[in-house]
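Bear in mind that the values in this text are calculations on the coordinates, not laboratory data. Computed from a prediction, not measured in an experiment: that's the story for all the values here. Cβ: placed from backbone, ideal geometry, glycine included. Neighbour counts: every protein chain shown.
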Amino acid sequence: MEKTSLFLVPTPIGNLGDITIRALEILKSVDHILAEDTRTSLKLLKHYDIRNPLKSFHAFNEHRALKSIIDQLSGGSIMALISDAGTPGISDPGFLLVRECLQNNLKVECLPGPTAFVPALIKSGLPADRFVFEGFLPHKKGRQTRLKELLEERKTMIFYESPHRLVKALEQFSENFGGDRIASVSRELTKIYEETVNDTLENLVEYFSAKPVKGEIVIVVGGKN
């Protein structure tokens, strides 16, 4: 059987108990763990007494680090890639490394596990049979262009957003899709202060404008009727 060189291991998006038994077994068995932020990952690894060597692998060094990692994998090393939270490659580093592994005939496995947009989508009450995942929209250049491209989208749309941009994003969605469009905002998923608010975009703007917002945000917007 072909040996797996790289494991993509999802990690909890909040509640540390959401990691799988298999994920823990893999993290304890590999030669190195590639982590988006070693400081963040150490909290999880220490919690489960995992002491395998950590290597930094994030958006700012992935191009530079690729050759060295591929050389080590080609030489027989086995590694696991984790992000700060959720599944690597979903709005996090991972795509370039997976592509490079496949081009070098190195076997890659991705474990199932936590991804923030899935519980947010299900809790929204919006159709989940067909949807588009947009992740983080461009901050400035290209943002309005992408929103205009989504004007005729009939499938449920999913976006990631930071707390300090939430109200502005909701205002832009309301301007483009209409204030009466049904949407959902989830934050702090799986944590103590988890919150999901389902309402029209207009009402969501009003609700979140009146309170401080913390935590990572998932916005789910209904498609055009």
Placed amide H near residue 217: partners under 5 Å, 5+ positions off or other chain: 161
Residue-by-residue Karplus 3J(HN,Hα) for the range 6-23, coefficients 6.51, -1.76, 1.60, Hz, glycine and proline x: 10, 10, 9, 10, x, 10, x, 8, x, 7, 4, x, 7, 6, 8, 4, 5, 4
Between residue 99 and residue 46, what is 0.36 nm times their sequence separation minus the Cα-Cα distance? Round to one decimal in nm. 16.1 nm
Straight-line reach from residue 148: which lysines have a Cα under 20 Å away, not including same-chain ones fewer than 8 places off? 140, 168, 224
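Going down the list 28/67; 3/43; 191/211; 107/155; 46/191, which pairs span over 27 Å between their C-alpha atoms?
Result: 3/43; 107/155 exceed 27 Å.
Run lengths n ≥ 4 of DSSP H only: what is the helix-derived mean residue ellipticity at 222 nm for the chain, with -39500 (n - 2.57) per run over all residues, to the nearest 500?
Helix-only estimate at 222 nm: -10000 deg cm²/dmol.
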Of the DSSP beta bridges with both residues in the range 85-225, give the percent that are antiparallel, rounding to the nearest 5. 75 percent
Pairwise over distinct Cα atoms, reciprocal of the mean inverse distance: report the Kirkwood radius of the chain in Å, one decimal place. 18.9 Å
Per-residue Cβ contact counts at 10 Å, fewest first, order 55, 140 as 140, 55
